[in-house]
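Following: one structure in structure tokens, then a few remarks.
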Amino acid sequence: MSAESSTAPLQTAHPISFLVIGGGIAGLACALALRRVGHHVLVLERQDRDSVHGESGIRLPPNLTKILFHWGLKDALKQKALVSHTILFTQYESGDYLGSQVWSQDVLKETRGVFMVLTHAELYDILYDAATRAGAQIRYNSEVVEIDASEREVTLASGEKVSGDVLVGADGEFGPSRAAVIGQQVRGAPTGLAMYDTVVSGKHLPPNLSQLRDDNGVFVAFGDGRAIVAFPVHDQEDFAFQFYGPDDSGEGRFGDEPSVPLVEIASKVDSRLEPIVRHARQATRITVRAHSDLEDWVEDDGRMVLIGEAAHPFPPGTIQATAMAVEDGAVLAKLFSHLSEERQIESFLYAFQELRQSRTRSVRASEFGNAFFMAMPACDASRQRDEGMRMLGEKGLNVLEGGDGETSGAWNEVRTIFGYDCEDEADDWWVQWGLLRERALQGRQAGDEGNGDASAAPQFDFSAFTVEVSETATDTTSENGHEW
């Protein structure tokens with residue numbers, strides 16, 4: 001599969017209606033992916049479009065950009081996003097240079113994607129335009145207050161009831177979908193760390209960070225219980241700054257109003273960054289929470305599934321948070337492109353759960369570790385981290401890769417995550433398990449017909465199967481009568 005061109009995907013032989021609860025990035029990506037394979041999609045978003053937009057900076061790793069390229073969005077991304085080539089590492093308090101990571105063309109060719117940076121609003125608009133152009137319906141100011149998964153029906157704050165063949169919960173950690181699937185509301189526990197998200201005019205960028213303009217670089221600073229991630233947006237007119245620091249409230253989340261002056265949390269920062277701190281817009285506090293893995297993403301009746309942050313909340317600001325949400329939608333659509341009969345729905349949803357749980361659990365554990373690796377309190381381990389990078393940087397080597405011709409375990413993990421192709425994994429599942437199931441059913445049906453047995457063929461229970469995910473991978477009415 002080429003990651004750079006949009007090819008006509010396999011179209012489902014049995015279109016059904018998907019009701020997506022939540023119109024953020026996860027919901028829009030899922031809607032676009034499902035429409036591409038021929039299903040009907042309605043998205044319900046509780047907020048208006050401007051409110052859900054957001055101006056946070058987002059980094060797009062190769063495993064995400066390759067999906068968007070394949071969906072035909074390369075030109076749209078090139079108009080809004082910047083291709084990033086390097087990461088610059090420094091020490092938070094002193095500003096001392098630790099080293100850099102330059103993404104080689106060989107690595108990017110291997111992953112079939114590129115690194116890009118842009119804002120949440122820009123990515124949102126790209127997905128919204130593509131999804132609506134593909135025929136998805138998106139309703140704003142449509143808050144879901146009750147979910148009846150057994151009836152595949154939701155009730156809106158207005159009292160209106162809306163139904164679909166399959167419900168998709170894409171409304172995040174704090175939406176009603178999680179409770180509808182697992183039977184109770186589950187919240188992550190505050191860790192004492194928060195990300196403070198803001199945007200700063202590029203004119204305040206200090207001279208020592210001018211390299212960020214040359215190659216659209218990402219800036220990372222390690223400090224004593226603090227860290228910074230920053231990168232250019234809006235064609236370098238602005239820079240997204242994400243400060244990690246102590247969290248006194250434990251209640252911040254995306255969508256909150258910006259309310260925190262950076263001067264309150266950016267203590268002891270390198271003096272050269274003080275103009276950034278003084279001139280930055282007020283920041284939004286997003287609490288970093290620790291979450292237990294959910295065992296079930298599929299509701300017991302088998303017609304509702306969780307995706308994105310509703311299924312697997314990630315630490316804020318991490319590079320894979322957005323990528324995992326988009327991968328979810330891509331895999332769900334790939335599986336349901338093979339839908340030919342109603343009886344397959346439950347099996348496909350459980351296959352989705354099996355494929356995505358193993359992937360997101362390993363990636364989330366890595367990203368959670370990365371957040372605290374950056375903001376590690378001063379200790380022997382943090383000093384060893386800085387000194388190890390400094391030694392590699394002084395030799396002109398990439399600091400995420402091992403020296404002396406060796407590749408570090410961390411770098412191997414990074415390459416594995418970036419090189420993964422979720423759509424290929426979904427195709428592999430169909431070839432290895434889905435077709436096997438269908439052939440077994442057809443054989444049984446043929447045998448029953450030969451014996452004069454008109455009883456229904458048995459269904460395989462794919463909820464009990466374990467799918468091993470490889471570590472590398474290069475009109476408003478549905479045909480089933482659901483009206484929106």
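The values are calculated or read from the model by the stated rules, or taken from the named source; none is laboratory data. Just so we're clear, the structure is a prediction, and the values are computed from it rather than from any experiment. Because the Cβ atoms are built from the backbone with ideal geometry, glycine has one as well, and the counts that use them run over all protein chains shown. What goes into the accessible areas is simple: the full protein's heavy atoms, side chains included, and nothing from ligands, DNA or RNA. Shrake-Rupley method; radii C 1.70, N 1.55, O 1.52, S 1.80 Å.
Brief remarks on what is shown
- In the range 76-192, a dipole from Cβ-located charges (positive for Lys and Arg, negative for Asp and Glu) runs towards its positive end, and of Leu98, Ala121, Ala76 it is Ala76 whose Cα lies farthest in that direction.
- Using θ = phi - 60° and Karplus 6.51 cos²θ - 1.76 cosθ + 1.60, couplings along the range 34-50 (whole Hz; Gly, Pro as x): 5, 5, 4, 9, x, 8, 8, 9, 10, 10, 10, 10, 6, 9, 7, 5, 4
- DSSP-defined antiparallel bridges as percent of all bridges, the chain, nearest 5: 70
- Close amide H pairs (under 5 Å, H built 1.01 Å from N) link Ile138 with Val43, residues at least 5 positions away or on another chain.
- The range 240-248 - phi-based ³J(HN,Hα) in whole Hz, Karplus 6.51/-1.76/1.60, Gly and Pro as x: 7, 10, 10, 8, 9, x, x, 10, 7
- Structure-based [θ]222 nm, the chain - -39500 (n - 2.57) summed over DSSP H runs of at least 4, per residue, nearest 500: -10500 deg cm²/dmol
- Accessible surface ranking for Glu342, Glu438, 1.4 angstrom probe, highest first: Glu342, Glu438.
- Three principal axis lengths of the range 66-111 [C-alpha, angstrom, descending]: 44, 24, 13
- P(r), alpha carbons of the range 1-129 - 10 Å bins starting at zero, rounded %: 11, 33, 32, 17, 5, 1, 0
- Accessible area in the full protein assembly, largest first, 1.4 Å probe, for Asp224, Asp197: Asp224, Asp197
- Considering only beta bridges that DSSP places wholly inside the range 29-183, some 85 percent are antiparallel.
- Local electrostatic count, Asp238, Cβ distance below 11 Å [Lys/Arg +1, Asp/Glu -1]: -1
- Solvent-accessible area per residue in the range 245-325 equals 43 Å², computed with a 1.4 angstrom probe and all protein chains kept.
- Peptide packing for 246-255, 353-362, 129-138 was compared via the average number of neighbouring C-beta atoms within 10 Å per residue; ordered from the highest value, the list is 353-362, 129-138, 246-255.
- Near Asp301, once Lys and Arg are set to +1 and Asp and Glu to -1 for all other residues with Cβ below 11 Å from its Cβ, the sum equals -3.
- Straight-line cross-link partners of Lys66 among the lysines, defined as a Cα under 25 Å from its Cα and at least 8 positions apart when in the same chain: Lys74, Lys78, Lys80, Lys109, Lys334.
- Taking every protein chain into account, the accessible area of the range 10-63 amounts to 26 square angstrom per residue (probe 1.4 Å).
- Alpha carbon centroid spacing (whole Å) that separates the range 364-394 from the range 286-348: 31
- C-alpha center-to-center spacing [the range 243-271, the range 85-164] in angstrom: 22
- Carbon plus sulfur fraction of accessible area for the chain, probe 1.4 Å, in percent: 46
- Karplus-derived 3J(HN,Hα) values for the range 117-122, using 6.51 cos²θ - 1.76 cosθ + 1.60 with θ = phi - 60°, are 10, 6, 9, 4, 4, 5 Hz; glycine and proline are entered as x.
- Among the GluC sites (Glu not before Pro) within the range 1-90, those in coil by DSSP and having at most 14 neighbouring Cβ atoms inside 10 Å are Glu4.
- Less than 5 angstrom separates the built amide H of Leu339 from those of Ala13, all sequence-distant by 5 or more or on a different chain.
- Dipole in debye (nearest 20) - the chain, about Cα centre, beta carbon charges: Lys, Arg +1; Asp, Glu -1: 1100
- Heavy atoms of the protein chains alone define the surface here; on that basis the range 125-231 has 38 Å² accessible area per residue at 1.4 Å probe size.
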